[in-house]
Structure formats: C-alpha cells, structure tokens
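The values are calculated or read from the model by the stated rules, or taken from the named source; none is laboratory data. All values reported here derive from a predicted model rather than from experimental measurement. Counting neighbours? That spans all protein chains shown, and the Cβs are built from the backbone with ideal geometry, glycine included.
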C-alpha cells in the first residue's frame, strides 16, 4: 500500500494515525479550534514564558503561564493531541493560569541524524517520559506537592504514563479520550464505511511505525505503550473525559482503564459527554464547556 506524502499528511491531520510512546493516539479532523472555549490572549496579569529542556537525545519545548506573584502555585502539565505543539495549548494554559494554576504545555523532538526532529517515537526511556516533571524543579513558583497532568488524545496517554512512572509526584490526572489498551484497540472492529477506512489506515500505519519485524514484537510494543497495563502503579485520582460518539477511540478505552484503576483501589471517574465526537472539545462548544468545567473541578478538588 502506497500513500504519497501530501495525502499521508492529510490523513494524519484528519485523525487517521499518529504514534507516541511507541504507539498511536489518534487525532481529530481538520477544523479543530484550540481557542474554542479558551482565551485567545492571556489576561494582563498572567505571566507567560517559554523554554527548552533536554535529556539524552530528547528535546522538550515548553510554553508556560502562571498567575502573578511568587507562588508556589498548584501546577498542571499539559500535553496536546498528536502532531500539535505546546503553542497550540496557549488557550488551555492561559485559562488554567487565570484559574490560579501554573501551567506548562510540552512538545518533543528527538535527535535523528544529527538534527532534532519531530518523530512518532520521541520517548525511549522512563526518564524521557518524566522529563516534564523534572523540569518543574527549575521554577520555584511550582508547588512540588501539587502537580497534576492534563492531556488530549496522545497527550492523555502521556499524562497517564506520567502518573504511572512517577506516582509520588503526580497528584491528579485529567485524560481526554485516550487509547489506553493498544492491543485491545488494534484487535477491534468498526462499523460504517468512514470509521472502517480510518481504523484500517490507523492499524496499517501503527504496524509500519512500530518498526517491528514479527507479530510477537509488535504485540509487545503495543502492550508497552498502553497505560492500561501500568494501572497498578497509578496512585493519582484520574478523571477520564470521553465523547460518547467517538468511533475512532471508543469510550470503552476510558471505561476499561477506569475499571482497572478501581480494582487497584484508586479514585477514578468517567465523564461520557453526550454527542461528543473525536476531539469534541476543540470543535463542539457546548460539549467542550461541560467537559472543561468538570476538568477544572477535578483539578481543584485534588490540587487545591
């Protein structure tokens, strides 16, 4: 199967296939508006900045926002959906700063052939995954006892891994529509022509980008990428937010993970947003408002 570069990028932008943490977390179609319910500019008193951090061959760019004053402030690490950058999260972090949080959005590049590049396989170690938590130590305004994670799609997968790899420092998680069990997702079925086409393209691209040579290694890669199999290490309260009409990453992905967390005695809830489709919070304003209100209440409950 061959797809020319322009066509491939178009499919990727439209929620077909994108890989993070050695796997895929699928995005939504073109037309998403990251400022849909979030401010298009920071309030005058909000302090903003950007910086770069690195670990081995991983380069992380961050965009930060915080209230005025010395703090320390409860802090939220924000990760965007696949193929998006920290800058795309400006509205989200400015919103969080206006609500009293220090917020840091992150994206990543890996050193490939002597040059830092965006890649589908940015994270290759536990230290890579926890780099944004470690980076908060550079800011005395961060309250190290009150750090949470919030992410969208691939960013939600990263947020759940943060909580699993560093359970002592992540105190709350809000995960918007993640894929939590990649082997289970990969083996699934879809009904309807468009969902089937997108799903089959996603499966094909996932196998290609895994760079595995046999089924056993491929399944191992899928399992390692899945927060579902790290649930026993998560201690932070987790709120899953999922569009009820998401056909690419069905709500079952959040529901099964929540059940797994509850089995370990963890606090977790699932908010199914009626009528919500893929990346609903960036193109369906009423559903987005409901979800964001729930997200803020969850963060307030566990980080305030």
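Quick check on region 201-222. Is at least one of its residues in a helix (DSSP H, G or I), within 28 Å of residue 304 (Cα to Cα), touching a helix residue (DSSP H, G or I) at 6+ places or on another chain (Cβ under 7 Å) and in contact (Cβ under 8 Å) with a residue 12 or more places away in the chain?
no
Which condition from (1) under 20 Å from residue 154 (Cβ atoms); (2) in contact with a strand residue (DSSP E or B) (Cβ under 6 Å, 6 or more places away or on another chain); (3) at pLDDT 95 or above is the one that residue 206 breaks?
(3)
Output the number of the condition that residue 71 fails; it satisfies all remaining conditions of (1) within 22 Å of residue 156 (Cα to Cα); (2) part of a loop (DSSP other than H, G, I, E, B).
Every condition holds for residue 71 apart from (1).
Looking only at region 58-68, which residues are in a loop (DSSP other than H, G, I, E, B) and over 21 Å from residue 37 (Cβ atoms)?
Matches in region 58-68: 68 only.
Given the options 80, 72, 68, 39, name the one that is in contact (Cβ under 8 Å) with a residue 40 or more places away in the chain and over 21 Å from the mean Cα position of the chain (by Cα).
72
For the list (1) under 17 Å from the mean Cα position of the chain (by Cα); (2) modelled with pLDDT of 95 or more; (3) farther than 21 Å from residue 175 by Cα, I need the number of the one condition that residue 119 fails.
Only one criterion in (1) under 17 Å from the mean Cα position of the chain (by Cα); (2) modelled with pLDDT of 95 or more; (3) farther than 21 Å from residue 175 by Cα is unmet by residue 119, namely (2).
Which condition breaks for residue 252 when tested against (1) closer than 26 Å to residue 200 by Cα; (2) touching a residue at least 12 places away in the same chain (Cβ under 8 Å)?
(2) is the only condition that residue 252 fails.
Please determine whether any residue of region 134-143 is over 25 Å from residue 257 (Cβ atoms), outside any loop (DSSP other than H, G, I, E, B) and in contact with a helix residue (DSSP H, G or I) (Cβ under 7 Å, 6 or more places away or on another chain).
yes
Looking at 156, 149, which one is buried (at least 19 other Cβ atoms within 10 Å of the Cβ), assigned to a strand (DSSP E or B) and at pLDDT 95 or above?
That would be 149, the only listed residue that is buried (at least 19 other Cβ atoms within 10 Å of the Cβ), assigned to a strand (DSSP E or B) and at pLDDT 95 or above.
Out of all the residues in region 258-279, which are part of a helix (DSSP H, G or I) and touching a helix residue (DSSP H, G or I) at 6+ places or on another chain (Cβ under 6 Å)?
260, 261
Quick check on my filter: what residues within region 229-257 are under 18 Å from residue 185 (Cα atoms) and in a strand (DSSP E or B)?
The answer is 240, 241, 242, 243.
Test residue 50 against the criterion of being in a strand (DSSP E or B), under 21 Å from the mean Cα position of the chain (by Cα) and modelled with pLDDT under 95, and give yes or no.
For residue 50, the condition - in a strand (DSSP E or B), under 21 Å from the mean Cα position of the chain (by Cα) and modelled with pLDDT under 95 - is not met.
In region 34-46, is there at least one residue being surrounded by 23 or more Cβ atoms within 10 Å (Cβ to Cβ), in a loop (DSSP other than H, G, I, E, B), touching a helix residue (DSSP H, G or I) at 6+ places or on another chain (Cβ under 6 Å) and modelled with pLDDT of 95 or more?
Looking for residues that are surrounded by 23 or more Cβ atoms within 10 Å (Cβ to Cβ), in a loop (DSSP other than H, G, I, E, B), touching a helix residue (DSSP H, G or I) at 6+ places or on another chain (Cβ under 6 Å) and modelled with pLDDT of 95 or more, one finds none in region 34-46, hence no.
Looking only at region 159-187, how many residues end up being over 24 Å from residue 108 (Cα atoms) and either in contact (Cβ under 8 Å) with a residue 12 or more places away in the chain or crowded, with 16+ Cβ neighbours inside 10 Å (or both)?
The qualifying residues number 4.
When region 164-200 is examined, which residues are found to be under 22 Å from residue 220 (Cβ atoms) and either in contact with a strand residue (DSSP E or B) (Cβ under 8 Å, 6 or more places away or on another chain) or part of a strand (DSSP E or B) (or both)?
178, 179, 182, listed by residue number.
What are the residues in region 85-107 that are surrounded by fewer than 23 Cβ atoms within 10 Å (Cβ to Cβ) and either under 17 Å from the mean Cα position of the chain (by Cα) or farther than 27 Å from residue 33 by Cα (or both), if any?
85, 86, 87, 88, 90, 91, 107
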